[in-house]
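The values are calculated or read from the model by the stated rules, or taken from the named source; none is laboratory data. It should be emphasised that the depicted structure is a prediction, and the values quoted were computed from it without experimental measurement. All Cβ positions, even for glycine, are placed from backbone atoms using ideal geometry, and neighbour counts span all protein chains on display. The accessibility values were calculated without ligands, DNA or RNA, using every heavy atom of the protein model including side chains. Shrake-Rupley method; radii C 1.70, N 1.55, O 1.52, S 1.80 Å.
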Amino acid sequence: EAEVAQSPRYKITEKSQAVAFWCDPISGHATLYWYRQILGQGPELLVQFQDESVVDDSQLPKDRFSAERLKGVDSTLKIQPAELGDSAMYLCASSFRGDQPQHFGDGTRLSIL
Amino acid sequence: GQQVMQIPQYQHVQEGEDFTTYCNSSTTLSNIQWYKQRPGGHPVFLIQLVKSGEVKKQKRLTFQFGEAKKNSSLHITATQTTDVGTYFCAGGKGAQKLVFGQGTRLTINP
């Protein structure tokens, strides 16, 4: 079981609905990442936080995706409205700082019907 | 933007054979990290290389970072069934985001 906690593990929902994922990083890790991983591909960074600040969200589809880390600890990633193409594994990771090894959670597998 | 390419995409070997995956970046990196993802699992950090020409070993695994800091390789000697999974390299530039390669999926015939 991963040290980075994510929930839920699985989410099935219909298109146009709202979806939210939660991540609790390893204690003391200042940097938190949200990745999307499509089957057969490598993780793609959606957003990177340093404490509570966003340092990179260049690949986040901001018209429908949002992410926050209000107190610099846990984080929420939201999709509204969900589209069929959003079906993927959403991974959260954390590291002590931005150039250090990343520790991944077990991920949330999202299926959009 | 920065791109990281890995080859081969798939590799199937007999148990006991060696395995190598190669990673190439379109730009010079400050560090490269390697991760392993078991089927149904999440990526797990293996190692980080930061110096030009660096070579590191972990038991049967040997990691190299190229002299120009644009390429890297992972070599596994005498594969075992526990080595099954997808191996990802990820290139970094300081505290900037890591860019992952598409991975090499290793399957092993016992």
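See the values below:
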read-out: Selection within the range A:1-53 - among the acidic types (D, E) and in contact with a Pro (Cβ under 9 Å, 6 or more places away or on another chain); value: A:E3
read-out: Strands (runs of 3 or more DSSP E) contained entirely in the range A:1-86, each with at least 1 residues that are out of contact with any strand residue (DSSP E or B) (no Cβ under 8 Å at 6 or more places or on another chain) and more than 12 Å from chain B (Cβ to nearest Cβ); value: A:53-56
read-out: Among the residues listed as B:E67, B:E54, the single one being open to solvent by 60 Å² or more (accessible area, probe 1.4 Å), acidic (D, E) and more than 22 Å from A:R36 (Cβ to Cβ); value: B:E67
read-out: Condition met for B:K69 (part of a loop (DSSP other than H, G, I, E, B), in contact with a Leu (Cβ under 8 Å, 6 or more places away or on another chain) and within 11 Å of chain A (Cβ to nearest Cβ)); value: no
read-out: Residue match in the range B:90-98 (condition: over 13 Å from the mean Cα position of the chain (by Cα), surrounded by 20 or more Cβ atoms within 10 Å (Cβ to Cβ) and hydrophobic (A, V, I, L, M, F, W, C)); value: yes
read-out: B:K36 being outside any loop (DSSP other than H, G, I, E, B), among the basic types (K, R) and surrounded by 15 or more Cβ atoms within 10 Å (Cβ to Cβ); value: yes
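Okay, residues lined up against (1) open to solvent by less than 50 Å² (accessible area, probe 1.4 Å); (2) among the charged types (D, E, K, R); (3) without any contact (Cβ under 8 Å) to a residue 40 or more places away in the chain:
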position	(1), (2), (3)
A:Q6	yes, no, no
A:K11	no, yes, no
A:V19	yes, no, no
A:W22	no, no, no
A:Q48	yes, no, no
A:K62	no, yes, yes
A:K71	no, yes, yes
